[in-house]
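Note sheet for the following structure.
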Amino acid sequence: MSTLPTRPPVAPPLPTGSVDGGSVGALTPSSDQIVVLYVIVAMAVIIFGFWNVPVVRNLINPLKLFTIGWHELCHISAAILTGGRILKITIDPHVGGATIVEGGSPWFVLSAGYIGSTLFGGAFVLAGWDTLVAKVLSFVLGVGLIMPLVLVRDKLTILLTICYEALLVGFWFVDHAQALRWYCLFVGVMNILFVVWDVADDRFFHKTNDSDATQFAILYPRISAHVWAAFWIIFQVACLAGFSVLGIYAFKITRSQMDEQAASFLPT
């Protein structure tokens with residue numbers, strides 16, 4: 001009895017984004033993630049304006065204190081780790097921050113400021129991609145906003161800090177805490193691009209405390225402050241791009257999945 005020849009089994013088509021196209025598909029932003037990218041750019045422009053425009057710049061004093069405070073804390077930590085001694089600490093939204101150190105490793109202490117701001121800001125940038133991360137980091141932000149008040153006596157700054165704390169709490173109850181994402185993202189952009197605001201303060205307002213870029217030029221006089229500023233700006237912008245790519249890759253979930261995931265942690 002003759003049998004008809006049969007065709008060899010054909011494997012089903014590979015799903016989109018697998019094998020060679022896997023990394024490409026994973027790095028393709030969803031519509032919601034594209035919005036986050038646009039918001040990051042918009043926030044950078046807004047922060048630059050608020051940081052530098054007289055009078056208006058006072059409205060973000062609590063967030064400036066939080067950002068400057070973390071930056072100086074990184075200098076302090078690096079100084080202590082390398083055997084240095086802290087002589088004086090200044091954290092002020094108008095004149096900037098300063099940490100006067102005796103001993104330690106100068107290049108390490110100086111580099112720690114911008115690097116620490118970048119890494120810390122990167123964590124908050126990731127919160128812009130996921131509500132659960134934003135919820136967790138909101139506790140860090142809540143404590144961090146209050147701590148600088150130990151050194152502050154300005155009544156307007158104290159009042160604004162209370163308002164920012166109230167917003168932080170209120171955002172937990174807005175749209176399943178989605179509003180926390182944008183709050184944390186704003187703080188993240190402010191920290192991760194700190195060198196931009198630091199150099200702008202130094203150049204346009206001639207603040208009492210020099211920027212770290214100027215301090216690098218003093219430490220290494222053969223390289224001008226402009227070159228140091230350009231180097232650190234490129235470094236922080238590149239890191240912002242890197243954290244954005246990480247956010248796109250790591251949080252590839254829908255809005256409903258994000259809400260369900262965030263509800264597992266202190267649901268509101």
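What distance in nm separates the simple spin-label points at Thr28 and Phe265, each placed 7 Å from Cα in the Cβ direction?
With each label placed 7 Å out from Cα toward Cβ, I get 2.9 nm.
With a 10 Å radius around each residue's Cβ, average the other Cβ atoms per peptide and rank 137-148, 41-52, 108-119, highest first. Could you put the intermediate results ahead of the total?
On the way: 137-148: 17.4, 41-52: 15.4, 108-119: 21.6.
Most protected by this proxy first, the peptides run 108-119, 137-148, 41-52.
Would you kindly derive the ³J(HN,Hα) couplings of segment 157-166 from the backbone phi angles with the Karplus curve 6.51 cos²θ - 1.76 cosθ + 1.60 (θ = phi - 60°), listing them in order in whole Hz, with x for Gly and Pro?
Karplus values, whole Hz, x for Gly and Pro: 5, 5, 5, 5, 4, 4, 5, 5, 5, 5.
Show the residues, 5+ positions off or on another chain, whose built amide H is closer than 5 Å to the amide H of Gly97.
Asp92
Over the Cα atoms of segment 51-99, compute the convex hull volume and normalise it per residue, giving Å³. It would help to have the intermediate numbers written out before the result.
On the way: hull volume 2.7 nm³, N = 49.
It is 55 Å³ per residue.
Report relative contact order for the chain in percent, whole number only (criteria: Cα-Cα under 8 Å, sequence separation at least 6).
Relative contact order here is 22 percent.
So which trypsin sites (Lys or Arg not before Pro) in segment 71-136 pass both tests, a DSSP loop state and at most 10 other Cβ atoms within 10 Å of the Cβ? Intermediate results must be reported in sequence, preceding the final value.
Working: sites: Arg85, Lys88, Lys135; in loops: none.
Here no trypsin sites (Lys or Arg not before Pro) fit, given the DSSP loop and packing criteria.
Amide H to amide H under 5 Å from Ser224: which residues, 5+ apart in sequence or cross-chain, H placed 1.01 Å off N in plane?
none
How do Glu165, Glu72 line up, fewest other C-beta atoms within 10 Å first? List each step's numbers first, then the result.
On the way: Glu165 15, Glu72 22.
In increasing order of surrounding Cβ atoms, one gets Glu165, Glu72.
Arranged from highest to lowest average of other beta-carbon atoms within 10 Å per residue, in what order do the peptides 254-265, 54-65 appear? Walk me through the numbers before you get to the answer.
Details: 254-265: 14.3, 54-65: 17.7.
In descending order of packing, they fall as 54-65, 254-265.
So what J values fall out for segment 108-124 if you push phi through Karplus, 6.51 cos²θ - 1.76 cosθ + 1.60 with θ = phi - 60°, rounded to Hz, Gly and Pro as x?
Rounded to whole hertz, the list is 6, 5, 5, 5, 4, x, 5, 5, x, 4, 5, 5, 5, x, x, 4, 6.
With each pseudo-label sitting 7 Å past Cα toward Cβ, what's the Ser105-Leu81 distance in nm, one decimal?
The two pseudo-label positions are separated by 0.8 nm.
Residue by residue through segment 38-45, which ³J(HN,Hα) values in whole Hz follow from phi under the Karplus form 6.51 cos²θ - 1.76 cosθ + 1.60 (θ = phi - 60°), with glycine and proline marked x?
Per-residue couplings from phi come out as 5, 5, 4, 5, 4, 5, 4, 5 Hz.
With each run of n ≥ 4 DSSP H residues scored as -39500 (n - 2.57), what mean residue ellipticity at 222 nm is computed for the chain after dividing by its residue count and rounding to the nearest 500 deg cm²/dmol? Could you put the intermediate results ahead of the total?
On the way: 11 runs with 172 residues, N = 268.
-21000 deg cm²/dmol, from helical runs alone.
Using all alpha carbons of segment 221-268, what is the percent of pairwise distances in each 5 Å bin, ordered from the shortest bin to the longest?
Pairs per bin, as whole percents: 5, 17, 12, 13, 11, 10, 9, 7, 6, 5, 4, 0.
Return the label of the correct value of mean projected area of the Cα convex hull in nm², as calculated from the structure shown, out of [x] 21.5; [y] 13.0; [z] 19.1.
[x]
Give me the one-decimal nm value for the distance between modelled label points at Phe48 and Phe231, 7 Å along each residue's Cα-to-Cβ direction.
2.3 nm
Which value, in debye to the nearest 20, describes the size of the charge dipole of the chain about its Cα centre when Lys and Arg Cβ atoms bear +1, Asp and Glu Cβ atoms bear -1, and nothing else is charged? Please list the in-between numbers first.
Numbers: 14 positive and 16 negative charges, 17 e Å.
Computed charge dipole of the chain: roughly 80 debye.
Coordinate-derived values only; no laboratory data. Everything numeric in this text was worked out from a predicted model, so none of it was measured. Cβ: placed from backbone, ideal geometry, glycine included. Neighbour counts: every protein chain shown.
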